[in-house]
Amino acid sequence: MTKRNNHSRTIVDRRPLEFLTVLLLTFSCVAAASAPTYNEVYTFVTTGPYGPYANVVQGLDGNLYGTTAYGGTHGKGTVFKLTPGGTFKVIYNFCSLADCTDGSAPQAPLVFGTDGNLYGTTGGGGSGTAYCGTGCGTVFKLTTKGVLSTLHNFCSVAPCYDGSDPSSGLVQGRDGSYYGVTSANGGSYLQGTVYRITPAGVLTTLYAFCIQSGCTDGESPRAGLIQGTNGRFYGTTGSGGQHGYGEIFEITLAGKLTVLHSFDGTDGEGAFSKLLLASNGLFYGTTESGGSTSCGLSLCGTVFRMSGTGVLTTLVNFTGANGSYPEGGLLEGGDGYLYGITSGGGSGSSGTFFRMSLSGKLSTTYNFCAAPCTDGYAPNYGLVQLTNGLFYGIAASGEDGNSVVYSVDSGLAPFVDTLPIAGKVGANVRILGNNLTGATAVSFNGTDQPAFTVVSATEIRTTVPAGATTGKVEVTTESGALATISSFQIF
């Protein structure tokens, strides 16, 4: 595989076109409370692993883990570990087996399972060649020591009813299984699937898109799924739906799919990023294009909010001046604001980092491409916030045209996170954080758990105590209390 999969848009330098838009528009962004600090963490080079098409994730050891689609020992991509200080190490080279039966060209974010292992997908390779010829992708498990196990080879049997090109990442459900989607050219109708796979590798296709006439049920899902507080999963498709511009859907564990909203272009087009379920119980997301303003090649994109019943409100129409083409999704910071990036627009016509209130008031807090673009431009793959409070992301092109991993310090306080994010009383829970050595107490929404083990400065292991209710998890450390940003769900 020598290019991104068929749904991935080639990065186009829109800066000359957007510069004209910026000149014609009045800047209306509200300044952030304090200017963030940008830092380049690591720059990829074409003589090594390169071409990251997904963001990094935080590991139990406090380091960053991610994938590259190209480079490495065999030129077919890698899994890497990166310290927050910028020390880079490859922990697996894909195509290490003959005919790339271990997979190639990973293009989705990794996820840490409750067992402490990494789980992910590859866009190509594997032994499923009945339809693709060169492998239709895999689901894999990888230890942090670099031992890989292939859990599933897509399209092992023609005509690919199990799907092909699993281009999105996985999410671990409350039942311990992993859930994901495959994009076009797979499934009963060759327009993608929703699937469940157990940690042992048993895959079940829950839904095949385009079963309805005109694909009004959606087609070509790209973004990963999220699980709602009701146990159902939510996702998006990049096209299809009632108007052909994509949709937002809900799917039960039994595979019953409900279209909650079909985009019509004016309210967005191309929802290619994962949804966010915010603390107010509403869903938030972005569309890469659509909306009300043209940015030269296409409409500039939107930010939307949606209720659980599918009532959608467009909160932001990007204009170029305040950013354009928001390819990444949103996340909620510890200050109650939402954060995201755009791959174009802003004062340098090269992308923005923004903060937005839950009601939709947007502030551009950083503009990429401070000449000569050593900070990167076209940040494509969204943001992740580590427990140290900093945001991390990837810009497609930086100094000498190579991708960069960057961090942005917006002055937010450290916090803790949990793995998993929901559980029953008695369930095992890993708590991730920083400087946890010497912790003296752990509580679940005010209910103390006297039994816990400090594994390291970045990990605590405990169980959900009897009497615990849904709410934030808090750890008392030597330097003060640290709490989760979102509530831990008791079910």
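Give the residues of segment 439-454 whose amide nitrogen is closer than 20 Å to a point set 7 Å from the Cα of residue 427 in the direction of its Cβ.
442-453
Going by amide H atoms built from the backbone, whose H comes under 5 Å of the H on residue 365, apart from near neighbours?
Close amide H contacts, sequence-distant or interchain: 353, 354, 355.
Which length gain, in nm to one decimal place, applies between residue 134 and residue 481 when the Cα-Cα distance is subtracted from 0.36 nm times their residue separation?
119.7 nm
So, with +1 on the Cβ of K and R and -1 on the Cβ of D and E, and no other charges, what is the size of the charge dipole of segment 417-490 about its Cα centre, to the nearest 20 debye?
The calculation lands at about 200 debye.
Between residue 61 and residue 174, what is the label-to-label distance in nm when each label sits 7 Å out along the Cα-to-Cβ direction?
3.4
Find which of 467, 238, 210 sits farthest along the positive direction of the dipole of the chain, computed with +1 on the beta-carbon of Lys and Arg, -1 on that of Asp and Glu, about the Cα centre.
Going by the charge dipole, the pick is 467.
³J(HN,Hα) across segment 468-479 via Karplus (A = 6.51, B = -1.76, C = 1.60, θ = phi - 60°), whole Hz, x for Gly/Pro?
Here the 3J(HN,Hα) series is 5, 10, 4, x, 7, 8, 10, 10, 8, 10, 5, 9 Hz.
Would you mind checking the radius of gyration and Dmax of segment 417-490 based on alpha-carbon positions, in Å?
Radius of gyration, then largest Cα-Cα span, for segment 417-490: 10.7, 30 Å.
What value, in deg cm²/dmol to 500, does the helix sum -39500 (n - 2.57) over DSSP H runs of n ≥ 4 give at 222 nm once divided by the residues of the chain?
It comes out at -500 deg cm²/dmol, rounded to the nearest 500.
Using 1/(1 + (r/R0)^6) with R0 = 22 angstrom and r between the beta carbons of residue 161 and residue 97, what's the FRET efficiency to the nearest 0.05?
Efficiency at R0 = 22 Å is approximately 0.30.
Using alpha-carbon positions, what is the distance between the centroids of segment 304-336 and segment 374-425, in Å?
Spelled out, the Cα-based centre of one part sits 18 Å from the other.
Which net charge results when you count Lys and Arg as +1 and Asp and Glu as -1 among the other residues whose beta-carbon is under 12 Å from that of residue 443?
Local net charge: -1.
Once each part is reduced to its C-alpha centroid, what is the distance from segment 445-461 to segment 63-110 in angstrom?
32
So who's got an amide H within less than 5 Å of the one on residue 389, skipping anything under 5 residues away but keeping other chains? H placed 1.01 Å off N, in plane.
Those lying under 5 Å, H to H, from residue 389 are 415.
For the pair residue 147/residue 453, report the inter-label distance in nm, with labels modelled 7 Å from Cα in the Cβ direction.
About 1.9 nm separates the two model spin labels.
What are the ³J(HN,Hα) values, in whole Hz, obtained from phi via the Karplus relation 6.51 cos²θ - 1.76 cosθ + 1.60 with θ = phi - 60°, for each residue of segment 383-398 in sequence order, with x given for Gly and Pro?
10, 9, 10, 7, 5, 7, x, 8, 8, 10, x, 10, 9, 4, 9, x
How high is the FRET efficiency from residue 402 to residue 256, r the C-beta distance, R0 56 Å, rounded to 0.05?
So, using R0 = 56 Å, E works out to roughly 0.80.
Can you give the net charge of the other residues whose Cβ lies under 13 Å from the Cβ of residue 145, counting K and R as +1 and D and E as -1?
+2
Under 5 Å between amide hydrogens, which residues at least 5 positions from residue 255 or on another chain qualify, with H placed 1.01 Å from N in the peptide plane?
Result for residue 255 returns nothing.
Would you list which lysines come within 23 Å of residue 141, measuring only between C-alpha atoms, while excluding same-chain residues fewer than 8 positions from it?
List returned: 76, 81, 89, 274.
Using a Förster distance of 41 angstrom, determine the FRET efficiency expected from the C-beta separation of residue 37 and residue 313, and round it to 0.05.
E between residue 37 and residue 313, to the nearest 0.05, is 0.80.
Under a plain spin-label model, where a point goes 7 Å from the Cα along Cα-to-Cβ, how far apart in nm are residue 87 and residue 294?
According to this spin-label approximation, the distance is 5.3 nm.
With charges only on Cβ, +1 for K and R and -1 for D and E, what is the dipole size of the chain about its Cα centre, in debye, rounded to 20?
I would put it at about 440 debye.
Using the Karplus curve 6.51 cos²θ - 1.76 cosθ + 1.60 with θ = phi - 60°, what ³J(HN,Hα) values do you get for each residue of segment 426-441, in whole Hz, with x for Gly and Pro?
x, 5, 6, 9, 9, 10, 9, x, 9, 6, 8, 4, x, 4, 10, 7
Give or take rounding to whole Å, what are the principal axis extents of the alpha carbon atoms in segment 325-449, in descending order?
On the principal axes, segment 325-449 reaches 52, 33, 24 Å in Cα extent.
Values quoted throughout were computed directly from the atomic coordinates according to the rules given, and no laboratory measurement underlies them. Because the structure is a prediction, the values reported are computed rather than measured. Don't worry about glycine lacking a Cβ; one is built from the backbone with ideal geometry, like all the others, and counts go over all protein chains shown.
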